[in-house]
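Have a look at the structure below, then the notes.
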Amino acid sequence: MVSAAEVVASVPVGTAVDALEAALRGGLDPEADAPRSRAVTAHGELLLMPSASGAWSGVKVLSSTPANPAGGLPLLQGMYLLFAGADQRPAALLDGTALTVLRTPALSALAVRHLAPGPADQPVLLTVFGTGPQARGHVAAVRAVREVAEVTLVGRDRRRLDALAAEVAAAGVPVRTLGAGDGDAAVAGADVVCCCTSAREPLFDGAMVRDDAVVVAMGSHHPDARETDDALVVRSAVVVESRASTLREGGDVVLPLAEGVLGAEEIVTLAEVVTGRAELPPTGPRLFKGTGMPWEDLVVAVEVHRALGRG
């Protein structure tokens, strides 16, 4: 079994970003992914996420337990089973939580790489909503693709907020913290905004977002929940990981579509942007909605397997 520590040590987040980009450039189509399936339990949900590409296939099984974070436990826990070759032999069993914490920020960082204006060494101001593993991972992932001049962390839990701020500061990045009620102020000057929360209502007024900013919304995975509002959507070029997955699970897009704020023809996919098949307007914010898909797990799991010299 590949432990959480081995997942973290074997593949830096920048390497995961490059692997996801190479997969999209190589023709992997996220639209072909099987839907994530859910089963309700007494304490939350079980999630099943299979994918296949070329000689590899795999499946992640996760439990999602909303009460866990309050007790200091992960919201998501699980395992990833990787299969290899035409005979689909079991090749590796990986810690699913660590894999999720690596691949999700890597995908967001890939979006930032292609959506944020300016060269990679041009310093940006980064705002991150949330204080959990995904918030931590997104700070590191954005730093892997852009020079970050300052990080603003926004959260409800002061203890967790201060702890994360201390980690960011220890990495040599200037950091400031704001409470959850200061969302508007947090985004007003930001170049990149990452929403990494379990919020079901918008975190800030979209009118406060700069015209050249990039907003990543990845925390919501339900069609009736959202981290961003109509004011942002109506101003933004909207980029999604997959049209099918977003229409099933992405409330940040599903709700504006239902309200007539956004037209289906306005949505483009990250794969289209990465491969040059779509061009975005030169002005206005850019909103990326990620839902977290099985193809990401497969690509990064293969990268881990190879980095450990096992494939």
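Only one of these is touching a residue at least 60 places away in the same chain (Cβ under 8 Å), in contact with a Gly (Cβ under 8 Å, 6 or more places away or on another chain) and over 23 Å from R310 (Cβ atoms): S108, S51, S64. Name it. Outline the logic, then answer.
Values: S51 fails: over 23 Å from R310 (Cβ atoms); S64 fails: touching a residue at least 60 places away in the same chain (Cβ under 8 Å).
Among S108, S51, S64, only S108 is touching a residue at least 60 places away in the same chain (Cβ under 8 Å), in contact with a Gly (Cβ under 8 Å, 6 or more places away or on another chain) and over 23 Å from R310 (Cβ atoms).
For the range 264-291, give me the residue count where each residue is in contact with a Leu (Cβ under 8 Å, 6 or more places away or on another chain) and of a type outside the set (D, E, K, R). Talk me through it step by step, then tell me what you get.
Pass one, the range 264-291, residues in contact with a Leu (Cβ under 8 Å, 6 or more places away or on another chain): 264, 268, 270-271, 273-275, 280, 285-288, 290.
Add one more test, that the residue is of a type outside the set (D, E, K, R), and what stays is 264, 268, 270-271, 273-275, 280, 285, 287-288, 290.
Final tally of qualifying residues: 12.
G172 - would you say it is assigned to a loop (DSSP other than H, G, I, E, B), free of Cβ contacts under 8 Å to residues at least 12 places away in the same chain and within 23 Å of A140 (Cα to Cα)?
On the way: assigned to a loop (DSSP other than H, G, I, E, B): yes; free of Cβ contacts under 8 Å to residues at least 12 places away in the same chain: yes; within 23 Å of A140 (Cα to Cα): yes.
Yes, satisfied.
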Number of the condition not met by T177 [criteria: (1) farther than 17 Å from R286 by Cβ; (2) in a helix (DSSP H, G or I)] = (2)
Considering only helices (runs of 4 or more DSSP H) wholly within the range 230-311, the ones with at least 1 residues that are modelled with pLDDT of 95 or more, in contact with a strand residue (DSSP E or B) (Cβ under 9 Å, 6 or more places away or on another chain) and within 24 Å of P202 (Cα to Cα) are 230-235, 243-249, 251-258, 270-274
Looking at (1) modelled with pLDDT of 95 or more; (2) surrounded by fewer than 20 Cβ atoms within 10 Å (Cβ to Cβ); (3) of a type in the set (A, V, I, L, M, F, W, C), which is the one condition that is false for V128?
-> (2)
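For (1) modelled with pLDDT under 95; (2) surrounded by fewer than 22 Cβ atoms within 10 Å (Cβ to Cβ), each residue gets a yes or a no:
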| site | (1), (2) |
| --- | --- |
| P117 | yes, yes |
| P123 | no, yes |
| P133 | yes, yes |
| R146 | no, no |
| D162 | no, yes |
| V175 | no, yes |
| G179 | yes, yes |
| V193 | no, no |
| S198 | yes, yes |
Hey, can you tell me all the residues within the range 27-67 that are touching a His at 6+ places or on another chain (Cβ under 9 Å), more than 26 Å from V239 (Cβ to Cβ) and in a loop (DSSP other than H, G, I, E, B)?
-> T65, P66, A67
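Please verify whether Q88 is of a type in the set (S, T, N, Q) and touching a strand residue (DSSP E or B) at 6+ places or on another chain (Cβ under 9 Å), treating the condition exactly as stated.
Values: of a type in the set (S, T, N, Q): yes; touching a strand residue (DSSP E or B) at 6+ places or on another chain (Cβ under 9 Å): yes.
Taking the combined requirement at face value, the residue satisfies it.
The values are calculated or read from the model by the stated rules, or taken from the named source; none is laboratory data. Model, not experiment: these values are computed from the prediction. Positions of Cβ are backbone-derived with ideal geometry, glycine not excepted, and every protein chain shown enters the neighbour counts.
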